Amino acid sequence: MKTLSPIKKGIISQKYVENPALYQSRFGINWHNGVDIVSFHGDELLCCEDFIPYKIFDLKAGSVSKGFGFNALTKPDDKGICREWIYWHTMSNLKFSLDKLVQQGEVVGYEGNSGSIFSNGVEVSDNLKGVSPYFGTHLHWGKRLVKKTKTPTGDVLAGVDGKLYQDSQGFYYEVLNFNNGVKGFIDPMKDEIIYYDEFIARKVISVAEAVVAEIPVLPKEKQTDIIDSLLAMLKSVWDFLKGR
């Protein structure tokens, strides 16, 4: 599955590996361990690929100062390797349930400015978070590779409570390459990324193909109505995409 951009329209304000001096002194890691994407406060954040959230920082477990966001895991491949995705600095009203599958393209939350954030090189104080003009609003988007295992021996993912995370089948998840200087985080933009317009176009094509396949088995009096409705839908989508 190709990775979907987590924001419909945004600008990358800080790339992976940038600003090593700041992150070494402030966070004890070698460099920026993800990608920062800026759009507008409250903009929808999208599920980048099918995943299951295992750690959530919302009003129950996070704060404006500590930060809101979540960590999620994709389905492991045949070698037990999967991706851990991190969405951070969100608003508190996340849109899913813990340990439940979220499908690619679904809204998972909203862009915010919680946690440790900076604006023009100055750290934003708590009293300025979540209020206009929303200094430092952005999404920190991170990625690690992890391995599903029954008997963990390395650095294992933990939940909000600090206990080692186990899925419903009792498996743990070890971080690969944890000692790379940024606790195993890799560049989330390294793999091929699809963007919102392309994603919508693909969804429309798949729906249209399914509808067209059903037309021949419909009563003749309904076939024309279905074709007209399909053409109207395609025209609306085309007009929408042209206007973006």
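The values are calculated or read from the model by the stated rules, or taken from the named source; none is laboratory data. This is a predicted model, so every value here is computed, not measured. With ideal geometry, Cβ positions are generated from the backbone for all residues, glycine too; neighbour counts draw on all protein chains shown. All accessible areas refer to the heavy atoms of the entire protein, side chains included, with ligands and DNA or RNA removed. Shrake-Rupley method; radii C 1.70, N 1.55, O 1.52, S 1.80 Å.
Brief remarks on what is shown
- Alpha carbon centroid spacing (whole Å) that separates region 1-48 from region 77-102: 16
- Net dipole in debye of the chain [+1 Lys, Arg Cβ; -1 Asp, Glu Cβ; about Cα centre; nearest 20]: 400
- Surface composition of the chain: carbon plus sulfur atoms contribute 55% of the solvent-accessible area (1.4 Å probe, protein chains only, all chains present).
- Cα shape, region 85-153, gyration tensor, a/c 1.5 rule: prolate
- Three-way shape call for region 102-229 based on the alpha-carbon gyration tensor, with the a/c threshold at 1.5: oblate
- Taking a point 7 Å from the Cα of Lys9 along the Cα-to-Cβ direction, the residues of region 196-214 with backbone N closer than 17 Å to it are 196-201.
- Within region 42-129: Cβ-based charge dipole about Cα centre, in debye rounded to nearest 20 (Lys, Arg +1; Asp, Glu -1): 280
- Cα gyration tensor, region 155-244 - rounded (a/c under 1.5), prolate or oblate: prolate
- Approximating the spin labels as points 7 Å out from Cα along Cα→Cβ, the Glu123-to-Glu192 distance works out to 4.2 nm.
- Between the alpha-carbon centres of region 193-218 and region 110-177 there is a gap of 34 Å.
- Ordered by solvent-accessible area of protein heavy atoms (1.4 Å probe), largest first, the residues His41, His138 come out as His41, His138.
- Equivalent ellipsoid, region 43-96 (semi-axes from 5 times Cα gyration tensor eigenvalues, Å): 24, 11, 8
- Surrounding net charge for Leu101, when Lys and Arg each add one and Asp and Glu each subtract one, Cβ distance under 11 Å: -1
- The helix-only estimate of mean residue ellipticity at 222 nm for the chain, built from DSSP H runs of length n ≥ 4 each weighted as -39500 (n - 2.57), is -6500 deg cm²/dmol after division by the residue total.
- Distant-in-sequence amide H partners of Leu46 (H built 1.01 Å from N, under 5 Å): Ile7, Val108
- Binning all Cα-Cα separations of the chain at 5 Å, short to long from zero, yields these whole-percent fractions: 1, 6, 12, 15, 16, 15, 12, 8, 6, 4, 3, 2, 1, 0, 0.
- Ranking Leu218, Ile81, Tyr134 by Cα position along the charge dipole of the chain, where only Lys, Arg, Asp and Glu carry charges on their C-beta atoms, puts Ile81 farthest toward the positive end.
- Flagged links, alpha-carbon separation over 30 Å, of Lys9/Lys143; Lys66/Lys147; Lys95/Lys147; Lys9/Lys222; Lys2/Lys235: Lys9/Lys222
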